[in-house]
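First up is the structure itself, then whatever we jot down about it.
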Amino acid sequence: MTNVLEVKNLSLSFRMYDGAFSRRTVRVISNLNVTAREGEVIAVAGSSGSGKSLLAHAILGILPKNASLDGEMAWFGRPLTANLQKRLRGRELALVPQSVTHLDPLIRVGKQISRDKATVARLFDRYHLEAGVARLFPHELSGGMTRRVMISAALAGEPKLVIADEPTPGLSPHLAEHAMKHFREIADSGAAVMLITHDLSLAIRFADRVAVFYAGTTVETAAAADFADTALLRHPYSKALWAAMPQNGFTPTAGAQPYAGDLPEGCLYAPRCGLRSAECAEAPPSRALRGGEVSCFHAS
Ligand SMILES: Nc1ncnc2c1ncn2[C@@H]1O[C@H](COP(=O)(O)OP(=O)(O)OP(=O)(O)O)[C@@H](O)[C@H]1O
Ligand code: SF4
Ligand SMILES: [Mg+2]
C-alpha cells in the first residue's frame with residue numbers, strides 16, 4: 001500500500017515569552033510517528049491537548065510563527081517542504097478544520113467551497129444543505145451547517161489526503177454517521193483520510209487503523225479491529241482509552257495528561273502507569289509488535 005504521508009520523529013516547540021525579557025521553549029509534540037496510506041482511514045485519538053490539531057497544522061504548513069519543527073515529513077516519498085505544502089494545500093491536501101474561524105467571514109460560503117456550481121450542488125445535496133445556503137455568509141450559518149460547509153469545502157477538490165479535525169461536533173448522530181460514511185468512501189476510492197477524533201467508538205467503525213496520541217507523542221498504532229478487545233491492544237494508555245469507551249463501561253483512569261510545559265522525564269505516561277519500572281525513566285522507543293507499533297518497554 002502506498003504511503004501518501006509519512007511523519008517520522010516529529011517534534012514541535014513554541015517559543016513563549018514570560019514577561020518582557022524572559023523567553024522559554026515549550027515542547028508540545030515529541031517523537032511523533034504516523035503514516036497515512038492510500039485507501040485507508042487512519043483515526044488519530046487522544047485526549048484534549050495531546051497535539052492532534054498541531055499535527056494537522058504542521059502537515060499543512062499553517063503553524064504560528066513562534067513554532068519550531070524538527071523531524072521528517074514525506075509526501076509520496078518526497079520531502080514535504082514549505083513550497084510543496086503551499087502547492088498542495090486546499091487541493092491534494094485538504095483540511096476539515098476543528099475551528100469555524102477557518103472560514104473567511106467576508107466571502108459567501110458557496111464561493112469558499114468551489115467555483116464550480118455543479119460541485120457545490122453535489123456536496124450540498126449530500127450534506128442536506130439547501131441551495132440558498134451558498135449565498136450566505138459564514139456568520140449566518142448554524143453550528144451544524146458550518147461543520148457541513150467545512151466538510152464540503154475540504155472535499156470539493158478531490159484530495160489525495162483529507163485531514164478531518166473533529167469533523168462531527170454539532171452534527172446530529174445521523175449526520176455524523178453520514179459524514180463518516182463519506183470519509184470511508186473517499187478512502188475506498190483510493191485517497192487517504194486522517195480522522196482526528198475524541199469519538200473513538202464512532203471512529204473504529206469506519207477506520208482501518210488507529211494512532212493513539214498521549215501528551216504529544218504516538219504511544220500506539222493499532223488495527224481498528226484491535227479495539228474490540230483490550231487484550232489485543234498494546235499500550236497501557238490505549239487500554240485506558242478502551243476502558244473509557246461507553247460499550248466498556250466508561251471506566252476512567254486516575255490522573256491526568258501532563259501539561260505541555262511540564263512534561264515528566266522518560267516515558268510520558270509513567271506517572272499514571274501501573275506497569276512502570278526503573279527502565280521507564282528513559283523514553284521508550286517505538287517498536288513493531290503484533291502487527292502494530294508501540295512505545296512501551298513492557299508491552300507484549
Ligand atoms: N500557539 C500555541 N502556542 C503555545 N502552545 C500551544 C499553541 N497551540 C497549541 N498549544 C498547546 O499545544 C498542545 C496541543 O494542542 P492541540 O491543539 O494540538 O491539542 P488537541 O489534541 O488538538 O486538543 P483538542 O482535542 O482539545 O482539540 C496543548 O497543550 C496546547 O495548549
Ligand atoms: S514505558 Fe513504562 S511507564 Fe511507559 S507505558 Fe510502558 S510500562 Fe508504563
Ligand atoms: Mg484539536
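What the table shows:
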read-out	value
Pairs with Cβ under 8 Å, 6+ apart, first in region 50-69 and touching a residue at least 24 places away in the same chain (Cβ under 8 Å) and farther than 16 Å from residue 34 by Cβ, second more than 12 Å from ligand 3 (Cβ to nearest atom) and assigned to a helix (DSSP H, G or I)	61/82; 61/85; 61/86; 67/58
Breaking point among (1) assigned to a strand (DSSP E or B); (2) more than 16 Å from ligand 2 (Cβ to nearest atom), for residue 30	(2)
Complete set of residues in region 256-273 that are within 12 Å of ligand 2 (Cβ to nearest atom) and assigned to a loop (DSSP other than H, G, I, E, B)	264, 265, 266, 267, 268, 269, 273
Residue among 44, 34 that alone is away from ligand 1 (no atom under 11 Å from the Cβ) and in contact (Cβ under 8 Å) with a residue 12 or more places away in the chain	34
Selection count, region 147-181, where residues are part of a helix (DSSP H, G or I), away from ligand 3 (no atom under 16 Å from the Cβ) and either surrounded by fewer than 21 Cβ atoms within 10 Å (Cβ to Cβ) or among the charged types (D, E, K, R) (or both)	8
Checklist (1) loosely packed, with under 15 Cβ neighbours inside 10 Å; (2) of a type in the set (Gly, Ala, Ser); (3) at positive phi applied to residue 189, failing item	(3)
Residues being in a helix (DSSP H, G or I) and surrounded by 22 or more Cβ atoms within 10 Å (Cβ to Cβ) - total across region 201-225	1
Single residue of 54, 5, 84 found to be surrounded by 16 or more Cβ atoms within 10 Å (Cβ to Cβ), away from ligand 1 (no atom under 15 Å from the Cβ) and in a helix (DSSP H, G or I)	84
Count of residues meeting criterion [surrounded by fewer than 14 Cβ atoms within 10 Å (Cβ to Cβ), over 20 Å from the mean Cα position of the chain (by Cα) and not polar (S, T, N, Q)] in region 244-263	9
Positions within region 57-81 being more than 16 Å from ligand 3 (Cβ to nearest atom), touching a helix residue (DSSP H, G or I) at 6+ places or on another chain (Cβ under 7 Å) and in a loop (DSSP other than H, G, I, E, B), in sequence order	61
Looking only at region 228-241, and only at residues there that are of a type outside the set (Val, Ile, Thr), part of a helix (DSSP H, G or I) and over 18 Å from the mean Cα position of the chain (by Cα), the one that is surrounded by the fewest Cβ atoms within 10 Å (Cβ to Cβ)	231
Top-ranked residue of region 87-101 - restricted to ones that are in a helix (DSSP H, G or I) and out of contact with any helix residue (DSSP H, G or I) (no Cβ under 7 Å at 6 or more places or on another chain), ranked as nearest to ligand 1 (Cβ to nearest atom)	101
Number of positions in region 153-183 that are at negative phi, at pLDDT below 95 and of a type in the set (D, E, K, R)	2
Exclusive hit being more than 16 Å from ligand 3 (Cβ to nearest atom) and either touching an Asp or Glu at 6+ places or on another chain (Cβ under 9 Å) or of a type in the set (Val, Ile, Thr) (or both), set 99, 13, 53	13
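Okay, residues lined up against (1) closer than 26 Å to residue 237 by Cα; (2) among the hydrophobic types (A, V, I, L, M, F, W, C):
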site	(1), (2)
139	no, no
145	no, yes
154	no, yes
160	no, no
168	yes, no
171	no, yes
209	yes, no
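The values are calculated or read from the model by the stated rules, or taken from the named source; none is laboratory data. This one's a predicted model, so the numbers in the text were calculated from it and none came from an experiment. So basically every Cβ, Gly included, is an ideal-geometry build from the backbone, and we count neighbours across all protein chains shown.
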